[in-house]
Amino acid sequence: MTPPILQVRNLTKKFGGLTANNDISFDVAPGEILSVIGPNGAGKSTLFKLISSFLRTTSGEVLFAGERVSNLAPHIVARKGIVRTFQETTIFKNMTVRESVIVAHHIRSKANLLGYFFRSANAHQDEQTFGRSADDILDFLGLAPLANEIACNLPQGHLRALGIAIGLACDPKVLLLDEPFAGMNHDETMQMVELVRGVRDRGVTVLLVEHDMAAVMRISDRIVVLNFGEKIAEGTPAEIQDNEQVIEAYLGREEDLVGLYTC
Ligand SMILES: Nc1ncnc2c1ncn2[C@@H]1O[C@H](COP(=O)(O)OP(=O)(O)OP(=O)(O)O)[C@@H](O)[C@H]1O
Ligand SMILES: [Mg+2]
């Protein structure tokens, strides 16, 4: 069997008296799409912040390709290949779509970000070499016709695609997407599902947190379920749909339950 690309080992995070993640363990295989689901406040975003090292663990560890990465500086973890996308791409909103992707690459690479703005020779060189990759990423995400638009003028769906483009510019091995389908209608969600599959087909392992159960069941190879900070189930979409504890956790949350059974 291929060794896991990511191992979450007994991960615990406490905020004062509140245990947001309690002793969570699971492995992720290279090339997998793994979703983390659970009711509001279950600890999903906290788990992603621990994996990407935006939060320090209370105990436990995260291994990336066998190497411990928990509690390293987040930019070091990003350079190793664990990249988290942000819904709030505000810092890029006054730039064009293409500039945003290039700047994200600069932040990831050794080139100085200030150099980009002041058009230093190094930055110019980097833009020359990365420019084609940036265009390739924009093309892949259907953003090429919008390359010279100011990012803040983009509609929601394209803004989300830009978030993924920015993530891809960081050359991820593992991409963490927190609620990539939030606020999207059915057609937009299905387009995004295809985009995320395409990202995986480019060799990127994808972890996503999502409340849209229909999309989760459609896209995931495996699902991890959290409830009150605990992992209560792990399995294929079919296994999760039949899991008593999962159904119990979602009782009273009819919208999500509908999603659980409509696919
Ligand atoms: N920085 C923080 N300080 C204190 N408590 C926090 C912090 N971040 C999260 N929490 C708490 O930890 C718990 C888990 O939060 P988290 O954001 O991980 O949940 P979630 O599963 O992502 O929820 P949602 O589906 O609503 O996004 C919640 O009770 C939340 O209030
Ligand atoms: Mg969350």
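The values are calculated or read from the model by the stated rules, or taken from the named source; none is laboratory data. Note that the structure is a prediction, hence the values are computed from the model and not measured. Glycine also receives a Cβ, built like all others from the backbone with ideal geometry; neighbour counts cover every protein chain displayed. Heads up: the accessible areas ignore ligands, DNA and RNA and are worked out on the full protein's heavy atoms, side chains in. Shrake-Rupley method; radii C 1.70, N 1.55, O 1.52, S 1.80 Å.
Ignoring ligands and nucleic acids, what accessible area does His105 show with a 1.4 Å probe (Å², nearest 10)?
Its accessible surface works out to 40 Å², give or take rounding.
Between Phe15 and Asn153, what's the calculated FRET efficiency when r is the beta-carbon distance and R0 is 35 Å? Round to 0.05.
Step by step, r from the Cβ atoms, then E = 0.40.
Summing Lys, Arg as +1 and Asp, Glu as -1, what charge do residues with Cβ under 11 Å from the Cβ of Pro4 carry, Pro4 excluded?
-1
On the full set of protein chains, 1.4 Å probe, figure out the accessible area of Lys49 and give it in Å² to the nearest 10.
Taking all protein chains as shown, Lys49 has close to 70 Å².
Can you tally the net charge around Asp187? Count Lys and Arg as +1, Asp and Glu as -1, for every other residue whose Cβ sits under 14 Å from the Cβ of Asp187.
Summing Lys/Arg as +1 and Asp/Glu as -1 gives -1.
Quick check: residue separation of Asp171 and Ala65 times 0.36 nm, minus the Cα distance between them. What number comes out in nm?
Taking 0.36 nm per residue and subtracting the Cα distance, the gain is 36.6 nm.
Can you give the accessible area of Arg218, probe radius 1.4 Å, in Å² rounded to 10?
140 Å²
May I ask for the net charge around Ala65, where only other residues with Cβ less than 11 Å from the Cβ of Ala65 are counted and Lys, Arg are +1 while Asp, Glu are -1?
Taking every Cβ under 11 Å from that of Ala65, the sum is +2.
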